[in-house]
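Asks: Pasting a structure here, questions to come.
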Amino acid sequence: MNPHATILGAGLSGALMAIFLAHNERRVLIYERRPDLRKVDMDAGRSINLALADRGIHALKQAGVFEDVEPLLIPMRGRMLHDVNGQLSFAAYGQRPHEVIYSVSRPGLTRVLLDHARRRYGIEPRFLQAARALDFEHDELVMLDEVTSETRRLRLAPLIAADGAGSLVRRAMIGQLGTRVTEDVLEHGYKELTLPAGPGGTHRIERHALHIWPRGGFMLIALPNVDGSFTMTLFLAQYGAESFATLDGRDAVDAFFTQHFPDVTPLMPGLAREFLEHPVGRMSTVRTERWAAPAGHAVLLGDAAHAIVPFHGQGMNACFEDCFELNRLLEATGDWAHSFNSFEALRKPNTDAIAAMALENYVEMRDTVRDPKFMLRKELSFELERRFPDRFIPRYSMVMFHHEIPYAVAYERGRIQARILEDATNSIDALDQVDWEETLGWVRERLSPLANS
Ligand SMILES: Cc1cc2nc3c(=O)[nH]c(=O)nc-3n(C[C@H](O)[C@H](O)[C@H](O)COP(=O)(O)OP(=O)(O)OC[C@H]3O[C@@H](n4cnc5c(N)ncnc54)[C@H](O)[C@@H]3O)c2cc1C
């Protein structure tokens, strides 16, 4: 087996994959088109944060890097919902103390992974090196040095393409190998804003929660940062009556926020300026038919293979799970081509499932959470989990807290569970009205015991 691999992209996927490979004594070269984010602030003062959950944590632990990551994490125990009158209601994510998710800075996490790779294994990515073209027939990757403008040619095999949602390698696979890819762009975009820290770096709203202002067609969310600030993200239609297109001036922005988010707007003094300066991000779901190129030449990893919308907080978690699984297969088979093919076969049904669940979760976060029936079903699902821990685990918990349950299984069982919850709560409005005999009968009848329980 060729001990030497090339990784394209030093983002979250590329950095963790490099650590896994180096941990198993493989030589790794990483190329990254951007400058080193440990030396240059590329997000112009914005702090982008992500939710890290069990799948991501499991992979980080297996790679031996979780201890370095821990100081960056802020536990979020549930959703804090803000209604339009400023009334708060809290819904826990899980029912056991460890069932929490963690807010983590994306650049901070990437820095820790890159530092770990350098310190432990002497791996230093080659920054400002952009892949420009790729030729599968001649086994060649054309790289451009962004500083000297020189180009050079590298051998492909084996190439791990962790070059993100706009992957050049994926585009080359479409053009040269006839790979089929669909990209469904969401009609909604997003914009990141800041809720600054209070005096002495304190958090001005509850620190251990993911805050949501659900408003039906749109929503605002907030995740805590270690410096006391929150990163706020507004998800809104790109066009239409209430949309990014109509929020085109200071007055329009102030009026929109004061009307829909009156409790938090006074805490955001830089709101209108930030809103007008920051770009609107786009979100899409990328589904790629084949991830592995023939003869072990290349494989797509992370967002390059399966970018998803962010509403389940699982994009990065799925990428980290990819790294763990690909490494496991390489260890088991010792063969790049075989591992790349098996990786695609194993992961694709799972990443298709999380893509679907992430889309469904957008409606849940911005709208369904306001429905009293939603809370009733959540209470019932916790009760069923208490009574049948080997059969009934709420879908959210399967995805966020159970790395041993593949996404595709969570999706399939989640469908069956949703029917049970719907049937049991259709004509009632409190938990004490549940017909337990009938409901427990449905659980036994429709759900087999979980394989790992
Ligand atoms: C608004 C938003 C919120 C999110 N929230 C969450 C969350 O809460 N939880 C979660 O788990 N996930 C979340 N995600 C998803 C997560 O950010 C991504 O899944 C993850 O960053 C993908 O990592 P990656 O390394 O595969 O790709 P990227 O992070 O895109 O990294 C790709 C790297 O490749 C480099 N590159 C690209 N092209 C080339 C080239 N031609 N040559 C050389 N280098 C190249 C890029 O510069 C980059 O460094 C969110 C995403 C968004 C947009």
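The values are calculated or read from the model by the stated rules, or taken from the named source; none is laboratory data. This one's a predicted model, so the numbers in the text were calculated from it and none came from an experiment. With ideal geometry, Cβ positions are generated from the backbone for all residues, glycine too; neighbour counts draw on all protein chains shown.
Asks: Six or more apart or on different chains, Cβ under 8 Å: which pairs go from a residue in the range 283-297 that's on the phi > 0 side of the Ramachandran plot to one that's surrounded by 22 or more Cβ atoms within 10 Å (Cβ to Cβ) and outside any helix (DSSP H, G or I)? Could you list them?
Replies: G296/P158
Asks: To continue, here is another question. Do you know which residues across the range 190-233 are aliphatic (A, V, I, L, M), more than 24 Å from E99 (Cα to Cα) and touching a helix residue (DSSP H, G or I) at 6+ places or on another chain (Cβ under 8 Å)?
Replies: Filtering the range 190-233 down to residues aliphatic (A, V, I, L, M) leaves 193, 195, 197, 205, 209-210, 212, 219-223, 226, 232.
Subsequent filtering for residues that are more than 24 Å from E99 (Cα to Cα) retains 193, 195, 197, 219.
Once the filter is applied, which keeps residues that are aliphatic (A, V, I, L, M), more than 24 Å from E99 (Cα to Cα) and touching a helix residue (DSSP H, G or I) at 6+ places or on another chain (Cβ under 8 Å), the range 190-233 yields L193, L195, M219.
Asks: Could you say which residue among L220, L210, L156, L193 is touching a residue at least 40 places away in the same chain (Cβ under 8 Å) and within 30 Å of F343 (Cα to Cα)?
Replies: L156
Asks: For the range 416-437, name all the residues that are charged (D, E, K, R), surrounded by fewer than 11 Cβ atoms within 10 Å (Cβ to Cβ) and without any contact (Cβ under 8 Å) to a residue 40 or more places away in the chain.
Replies: D432, E437
Asks: A172 fails exactly one of the following numbered conditions: (1) surrounded by 21 or more Cβ atoms within 10 Å (Cβ to Cβ); (2) over 27 Å from R79 (Cβ atoms); (3) among the hydrophobic types (A, V, I, L, M, F, W, C). What is the number of that condition?
Replies: For A172, the exception is condition (1).
Asks: In addition: Has the range 93-104 got at least one residue that is under 16 Å from the mean Cα position of the chain (by Cα), modelled with pLDDT of 95 or more and closer than 18 Å to I19 by Cβ?
Replies: The answer is yes; a qualifying residue exists.
Asks: In the range 191-224, what residues are under 18 Å from R79 (Cβ atoms) and within 15 Å of the ligand (Cβ to nearest atom)?
Replies: A209, L210, H211, I212, F218, M219, L220, I221, A222, L223, P224
Asks: Oh, and also: Just a yes or no: is a residue in the range 162-184 part of a strand (DSSP E or B), within 13 Å of the ligand (Cβ to nearest atom) and out of contact with any Gly (no Cβ under 8 Å at 6 or more places or on another chain)?
Replies: Looking for residues that are part of a strand (DSSP E or B), within 13 Å of the ligand (Cβ to nearest atom) and out of contact with any Gly (no Cβ under 8 Å at 6 or more places or on another chain), one finds none in the range 162-184, hence no.
Asks: With the checklist (1) under 19 Å from R446 (Cα atoms); (2) acidic (D, E); (3) part of a helix (DSSP H, G or I) in hand, flag the one item D352 doesn't pass.
Replies: (1)
Asks: Related question: Can you tell me which residue in the range 12-25 is surrounded by the most Cβ atoms within 10 Å (Cβ to Cβ), limited to those that are away from the ligand (no atom under 11 Å from the Cβ) and of a type outside the set (A, V, I, L, M)?
Replies: Only one residue fits best here, namely F20.
Asks: What's the number of the only condition in (1) free of Cβ contacts under 8 Å to residues at least 60 places away in the same chain; (2) touching a helix residue (DSSP H, G or I) at 6+ places or on another chain (Cβ under 6 Å) that A92 fails to meet?
Replies: Tallying (1) free of Cβ contacts under 8 Å to residues at least 60 places away in the same chain; (2) touching a helix residue (DSSP H, G or I) at 6+ places or on another chain (Cβ under 6 Å), A92 fails exactly one: (2).
Asks: How about the range 357-392: which of its residues are farther than 21 Å from I212 by Cα and either of a type in the set (A, V, I, L, M, F, W, C) or part of a helix (DSSP H, G or I) (or both)?
Replies: In the first step, residues of the range 357-392 are kept if they are farther than 21 Å from I212 by Cα; the result is 380-392.
Across the range 357-392, the qualifying residues are L380, S381, F382, E383, L384, E385, R386, R387, F388, F392.
Asks: Spot the failing condition for E344; the list is (1) more than 16 Å from the ligand (Cβ to nearest atom); (2) touching a strand residue (DSSP E or B) at 6+ places or on another chain (Cβ under 9 Å); (3) in a helix (DSSP H, G or I), and only one is missed.
Replies: (1)
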